[in-house]
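Scroll down for the structure; my scribbles are underneath it.
The values are calculated or read from the model by the stated rules, or taken from the named source; none is laboratory data. This one's a predicted model, so the numbers in the text were calculated from it and none came from an experiment. Quick reminder, even Gly has a Cβ in these numbers, built from the backbone with ideal geometry, and neighbours come from all protein chains shown. Ligands, DNA and RNA are excluded from the accessible area calculation, which covers all protein heavy atoms including side chains. Shrake-Rupley method; radii C 1.70, N 1.55, O 1.52, S 1.80 Å.
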Amino acid sequence: MQLRGISQTATNAAVILAVIAALAACSTAEGSNARAPVAVKDPSGSPSCTATSRLIPSCGAWWGVAPEVFTGAPLEHALHGAEARMGAAADVVHVYHRGSELFPTDAEIRMARDPARPRLLMINWKPSLDRTWAEIADGALDARIDRLAGYLRRTFPERFFLTLHHEPENDVDTSSGSGMQATDYAAMYRHVVLRLRADGVKNAVMVMTYMGAPNWAAEPWFEDLYPGDDVVDWVAMDPYADSRVDDFEGLVNKTRKEYPDWPGFYRWMQARFPGKPVMVAEWGVFQQGDKRAFFESVRRQIKRYPQIKALLYFDSPRAPRGDTSFDAGTGAGRAFSELARDPYFRSTPVPRP
């Protein structure tokens with residue numbers, strides 16, 4: 001179903017809600033926007049629960065983290081510290097790269113190939129800090145893409161998640177000739193993916209990552225960002241909980257009275273991408289909220305959202321809008337540890353190299 005953004009007519013909003021209502025007709029009593037929960041067959045990671053070639057877990061969802069961001073700690077130290085603090089291992093580690101950096105690094109490869117506990121990599125790459133999306137789409141960075149492809153072929157044959165210039169919404173420049181219009185982003189994304197594939201990179205599972213904010217979804221160009229089903233394997237959002245967000249439902253289905261036609265990101269993704277897995281690629285709870293109660297809500301509500309197949313926490317004492325450390329606040333650390341160890345996130349084993 002092709003939707004064109006919520007600033008169109010009320011008719012399109014009605015279509016969205018009609019699709020959601022049809023999906024909800026198959027839901028369980030757990031939630032009006034839910035489908036039947038995914039069965040968790042074996043909390044220990046039963047062989048009957050496996051990952052597909054697109055890294056979709058057949059049971060439950062992946063548990064992941066961007067560990068101790070902005071602390072200055074080396075990545076391996078940060079990951080081991082975060083895992084010790086939450087009392088559980090991560091399935092997915094979210095890492096960030098820019099420009100001409102080659103990835104994965106030696107440290108990232110060691111984390112992925114840890115013989116005791118392998119992990120999937122979610123690599124977040126901004127191909128350039130000075131080239132426009134239109135320039136990249138026209139081939140300005142082809143030598144950089146080819147160099148990266150050669151490195152990946154030689155160094156890392158394992159499957160990994162890759163997202164390109166995540167959260168593009170606030171970088172859109174609608175002025176003519178800017179090279180940064182929404183359509184330019186889609187063309188850039190397509191060009192990079194198709195170039196990598198032509199260069200022999202077949203193991204990158206591509207993720208399209210949105211900000212998850214209603215104000216950007218209200219823009220008339222919002223739908224033009226999407227680069228196409230053939231180059232996107234997963235869709236993702238990066239929502240954060242401030243004082244206006246009380247629970248997990250409010251996080252993944254944020255609505256605002258200023259944008260009455262917006263149904264919430266999870267509902268929109270259900271209608272717009274019914275066949276694609278959803279990743280919460282970044283999420284965090286700011287210090288001003290009750291983190292303990294929020295984490296408890298995630299544990300209660302996660303099964304209402306079976307299309308969410310990965311949940312990656314952004315753990316940072318110095319996030320741009322506040323402290324998202326998961327163990328900051330009374331009872332927060334214990335509640336987060338209980339969430340991290342929940343069988344729903346422990347049912348599908350990470351594929352070994």
For the chain, averaging the sequence separation of alpha carbon pairs under 8 Å that lie six or more residues apart and dividing by its residue count, the contact order in percent is 26
So if I place +1 on the C-beta of Lys and Arg and -1 on the C-beta of Asp and Glu, and nothing else carries charge, what would the dipole magnitude of region 162-226 be about its Cα centre? I want it in debye, nearest 20. 460
Output the peptides 332-345, 163-176, 304-317 sorted from most to least packed, where packing is the average of other Cβ atoms within 10 Å over each peptide's residues. 304-317, 332-345, 163-176
For the chain, with all protein chains present and a 1.4 Å probe, just round the carbon and sulfur fraction of the accessible area to a whole percent. 51
Considering only the other residues whose Cβ falls under 9 Å of the Cβ of residue 332, what net charge follows from Lys and Arg at +1 and Asp and Glu at -1? +1
Which Cα, out of 177, 87, 347, lies furthest along the positive dipole direction of the chain (beta carbon charges, K/R +1, D/E -1)? 347
Using helices alone, I'd like the mean residue ellipticity at 222 nm for the chain: each DSSP H run of four-plus residues gives -39500 (n - 2.57), total over residue count, nearest 500. -9000 deg cm²/dmol
Alpha carbon centre of region 157-212 versus region 109-151: separation in Å? 11
Virtual spin-label span in nm between residue 257 and residue 352, 7 Å along Cα→Cβ: 5.7
Based on the alpha-carbon gyration tensor of the chain and its eigenvalue square roots a ≥ b ≥ c, which shape applies: rounded if a/c is under 1.5, prolate if not and a/b is larger than b/c, or oblate? rounded
Show me the ranking of peptides 258-265, 207-214, 71-78 by mean Cβ neighbours inside 10 Å, starting with the highest. 207-214, 258-265, 71-78
GNM of the chain, Cα pairs under 10 angstrom: of 319, 281, 84, the biggest fluctuation goes to 84
Heavy-atom surface of the chain, accessible at 1.4 Å and reported per residue (Å²): 40
To the nearest 20 Debye, how big is the dipole of the chain about its Cα centre, given +1 on the beta carbon of each Lys and Arg and -1 on that of each Asp and Glu? 1040
Mind checking which of 302, 278, 263 is farthest towards the positive end of region 245-353's charge dipole, using Cβ charges of +1 (Lys, Arg) and -1 (Asp, Glu) about the Cα centre? 278
Can you list the DSSP H helices in the chain whose Cα atoms extend at least 20 Å along the helix axis and whose mean Kyte-Doolittle hydropathy is -1.0 or higher? 10-24, 182-198
